[in-house]
Amino acid sequence: MYLYAVFFIILLVRQSSALKYLFVPENDEFFNDCSKQPDNALNINGIFDMSNFTIMQKDDVIQMSGNITVIWQIHPGDRIQMSFQLFRFDRIGWVQTPYSMTVFNICPILYDEPQYWYKYWTKNIINKEDVKDKCFYSGTQLIHKPFELNLVFELTGLPLNGRYKSIVTVQAFSTKNVKRETSICVEVEGHFERLN
Ligand SMILES: *[C@@H]1O[C@H](CO)[C@@H](O)[C@H](O)[C@H]1NC(C)=O
Ligand SMILES: *[C@@H]1O[C@H](CO)[C@@H](O)[C@H](O)[C@H]1NC(C)=O
C-alpha cells in the first residue's frame, strides 16, 4: 500500500512540473552554420546533399519533404558521436543551459522508437529497412515521406523564455578511436512556446 502511495505521489509531482513546449525555429532553412565553427568542421551541406529536400515554414509549422544523400567522407563502421547543447541569449551573449546531451554512438539507435530524433525525424524515412545499417556513411540516401517537424519537448525545471539556440556537433571515430579529420557543426536558433 505504502509503495503504491509513494508511486502515485511521484507520478503527480512529475506530471504537474513537466512543461510542454514547441520549439519554433528562427531561420526558414532551419540550420545555421555555427557562429564559432571549430577547425575542420563542416556545416549541414558537408554532411548531406539536400538538393532534393525542401524545408518550408508556414506559421509555426515546418514542413519537410524529399530525399537527402549523405556525402560526409568518413569510413563505414565508424562510431558517430553526436552532442546537443542548448544556449540561451542573456542580454549580451549566449549562455549555456543545463540542457545538453552526448550520444556516444548514434548509429545503433538512429531508428530506435523511444528516441526524440526518431519521433521528429527518422520515423519518416521510408527506406529505413535498407539504410538502418548504413548510418551516416557516404552514399546513403534517406528517402522521406512528407512530414511536419513538430519539435515538442516536455521539460521540468525553470520555464524557457526568450531566444535559444542548440549547437549540434557530430564527430566520427575509427575503430581505434581516432577522430576523423572533419566533423559537423550546426546551430538551430529559435524560441519555445508553452503548450500547457
Ligand atoms: C536528386 O534527384 C534526381 C532526380 O531523381 C537524381 O538524379 C539525383 O541523383 C538526386 N540527387 C541526390 C543528391 O539525391
Ligand atoms: C525521393 O526518392 C523517391 C524514391 O527514389 C522518388 O520517388 C522521389 O521522387 C524522390 N523525391 C525527390 C524530391 O527527389
Measuring from the longest principal axis of the C-alpha atoms of the chain, the long axis of helix 2-17 (C-alpha) lies at a number of degrees, nearest 10, equal to 70 degrees
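Can you give the calculated 222 nm mean residue ellipticity of the chain, where each DSSP H run of n ≥ 4 adds -39,500 (n - 2.57) and the sum is split over every residue, rounded to the nearest 500 deg cm²/dmol?
Result for the chain: -4000 deg cm²/dmol, rounded to the nearest 500.
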Fewest to most Cβ atoms within 10 Å: Phe136, Phe104 sort as Phe104, Phe136
Among Lys58/Lys123; Lys123/Lys179; Lys145/Lys179; Lys145/Lys176; Lys58/Lys119, which pairs are too far apart, with a Cα-Cα distance over 32 Å?
Lys145/Lys179; Lys145/Lys176
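Just subtract the alpha-carbon distance of Asn40 and Lys128 from 0.36 nm times their residue separation and send over the number in nm, one decimal. Before the final figure, lay out each step's value.
Values: separation 88, 0.36 × 88 = 31.68 nm, distance 2.98 nm.
Extending this stretch completely gives an extra 28.7 nm.
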Need one number: % antiparallel among DSSP beta bridges in the chain, to the nearest 5.
95 percent
Total charge of the residues flanking Glu189 in space, meaning their Cβ is under 15 Å from its Cβ, with Lys and Arg +1 and Asp and Glu -1, is -4
Phi-based couplings in Hz for the range 64-81 (Karplus 6.51, -1.76, 1.60; Gly and Pro marked x)
10, 7, x, 10, 10, 10, 6, 10, 5, 8, 10, 9, x, x, 4, 7, 10, 9
Can you work out ³J(HN,Hα) from phi for every residue in the range 143-153, in order, using Karplus 6.51 cos²θ - 1.76 cosθ + 1.60 and θ = phi - 60°, giving whole Hz and x for Gly and Pro?
9, 9, 7, x, 8, 9, 7, 10, 8, 9, 10
Can you give the relative contact order of the chain as a percent, counting alpha carbon pairs under 8 Å and 6+ residues apart?
35 percent
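Just so you know, all these numbers are worked out from the coordinates, no wet-lab data involved. Note that the structure is a prediction, hence the values are computed from the model and not measured. Neighbour counts run over all protein chains shown; Cβ positions are idealised from the backbone, glycine included.
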